[in-house]
Amino acid sequence: MVSYFSFFYVRDNYNLYFFILKEMQENTLMTTPTNSLETVTNIALEERTLAINWADGHLSLFHYIWLRDNCPCPECRHPNGQKLLETISIPSDICPSSIQAIEDGQIKIVWADGHVSHFSPRWLRTHCYSASERAKRAKELPSRKLWTAELMATLPEASYSDISTNDSALQKWLTMIRDYGFALLHDVPTTSGTIKQVVELFGYIRETNYGKIFDVKSTANPINVAYTDLAIGPHTDNPYRNPVPTHQLLHCLSSDAAGGDSILVDSFQVAELLRSQEPNQFKHLSTQPVLFHFHDKNIELMADTPIIGLDSRGELAAVRFNNYTIAPLDFEADLIEPFYEAYCTFGRMLNNPDFQVRFKLKPGDLYIVDNERVLHARTKFFSASNRHLQGCYADRDGLYSRLNVLNSSL
Ligand code: NM2
Ligand code: OGA
Ligand code: ZN
Ligand code: ZN
């Protein structure tokens with residue numbers, strides 16, 4: 001039952017007058033008290049903010065410019081959810097002329113120019129940007145799980161027949177990729193091109209100069225060391241490209257001889273250790289841009305970037321490590337030796353089996369890595385063997401979107 005109440009505030013020259021009608025009772029300002037997080041007990045107009053007290057004791061302050069900018073009315077927001085209101089049109093000193101709670105539990109704000117906004121308490125509470133609410137939301141965010149060789153005991157893996165027929169199995173597999181930065185997939189049909197069907201479960205192939213799908217096997221006159229039978233140390237693919245493809249998949253079509261084992265390493269785990277053990281070396285790798293370079297007959301790709309990319313909070317964001325395509329260092333002479341020291345410390349750690357998981361792809365196996373976090377490597381094999389992988393690139397946007405949709409629908 002919605003009980004009738006109303007209250008009315010008038011703002012006049014920054015002096016606030018509160019006219020609270022008799023019907024209104026304390027603690028029941030907002031009707032249908034579904035829970036204390038959504039029940040408003042008091043509203044006050046401060047100089048720059050609307051202050052809302054909630055039944056659980058929390059106080060929210062919403063700046064008037066923020067409230068006006070987020071007006072949900074059809075004039076300000078298209079039914080598709082996109083904002084129509086031009087933020088630059090809002091006067092910086094905007095303030096309400098009155099606030100009113102109406103029957104349906106919405107908070108009604110009448111602005112000085114006469115525009116009217118209605119906000120639901122629930123929406124306001126879920127968007128409250130107080131320090132404590134933001135900290136609470138940050139805690140609920142998925143957290144990446146850094147790993148070492150111990151993960152060998154419980155490799156993140158799934159079966160193609162499950163994830164292609166069952167959304168909750170797909171959701172679990174995509175969650176593993178997000179949290180561990182990689183996952184295996186078994187029982188993928190070994191028909192050429194099936195990797196495309198795998199990508200279509202969650203996103204889009206990123207086509208590059210290597211094609212939509214590329215064949216990784218030992219060939220004559222290889223344009224890339226990947227197309228030889230040589231061992232390849234831990235690396236991320238395509239650091240010479242900007243933007244870097246953020247996922248890589250490799251699918252084993254055939255492999256009947258010894259060798260060609262796969263090795264993966266969590267560069268974020270290693271980088272955090274480097275940060276705590278050798279902060280100075282970490283600094284070189286996270287601040288000094290280096291050039292990566294790849295060329296072929298008709299291709300000339302280059303990009304410069306620090307090996308360890310940090311976000312604006314100093315958190316690890318992207319590692320690019322590829323000793324096959326790093327260009328000759330070209331920076332201040334005094335920095336050359338300290339840089340090599342840092343590069344080799346990091347490189348030795350990445351090659352330490354204590355940090356690596358290792359397995360051999362069988363025909364029908366596939367792995368996907370987050371190509372800005374988990375480095376991949378392979379051991380030597382014999383070109384006479386029939387080892388044949390198919391690979392492709394994809395990007396995080398598609399995968400995370402698919403996961404978000406699954407998370408909100410399952
Ligand atoms: N291939 C497999 O990034 C690299 O150059 C590694 C990439 C040739 C597409 C190999
Ligand atoms: C690659 C690569 C590893 C392998 O193609 O980028 O690193 O196991 N291949 O062949
Ligand atoms: Zn509006
Ligand atoms: Zn590679």
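The values are calculated or read from the model by the stated rules, or taken from the named source; none is laboratory data. The structure presented is a predicted model; accordingly, all values stated were derived computationally and were not measured. Backbone-built Cβ (ideal geometry, glycine too); neighbour counts: all protein chains shown. Quick note on the areas: whole protein, heavy atoms, side chains included, nothing else; ligands and nucleic acids left out. Shrake-Rupley method; radii C 1.70, N 1.55, O 1.52, S 1.80 Å.
Observations on the structure shown:
- Within the stretch 88-175, helices (runs of 4 or more DSSP H) holding 3 or more residues that are in contact (Cβ under 8 Å) with a residue 24 or more places away in the chain: 121-126, 160-163
- Some residue of the stretch 380-388 being in a strand (DSSP E or B), open to solvent by 10 Å² or more (accessible area, probe 1.4 Å) and within 15 Å of ligand 2 (Cβ to nearest atom): yes
- Selected residue (only one of 244, 290, 216, 265 is within 25 Å of residue 355 (Cβ to Cβ) and more than 28 Å from the chain's Cα centre (by Cα)): 216
- Test: residue in the stretch 290-301 that is surrounded by 14 or more Cβ atoms within 10 Å (Cβ to Cβ) and away from ligand 1 (no atom under 16 Å from the Cβ): no
Condition check ((1) open to solvent by 30 Å² or more (accessible area, probe 1.4 Å); (2) within 15 Å of ligand 2 (Cβ to nearest atom)) across all residues:
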residue	(1), (2)
156	no, no
160	yes, no
174	no, no
179	no, no
198	no, no
223	yes, yes
240	no, yes
253	no, yes
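- Filter result for residue 41 (of a type in the set (S, T, N, Q) and closer than 19 Å to residue 126 by Cβ): yes
- Residues of the stretch 211-221 satisfying the condition of being open to solvent by 30 Å² or more (accessible area, probe 1.4 Å) and within 15 Å of ligand 4 (Cβ to nearest atom): 213, 215, 217, 218
- Lone unmet requirement of (1) away from ligand 1 (no atom under 16 Å from the Cβ); (2) not in a helix (DSSP H, G or I) for residue 368: (1)
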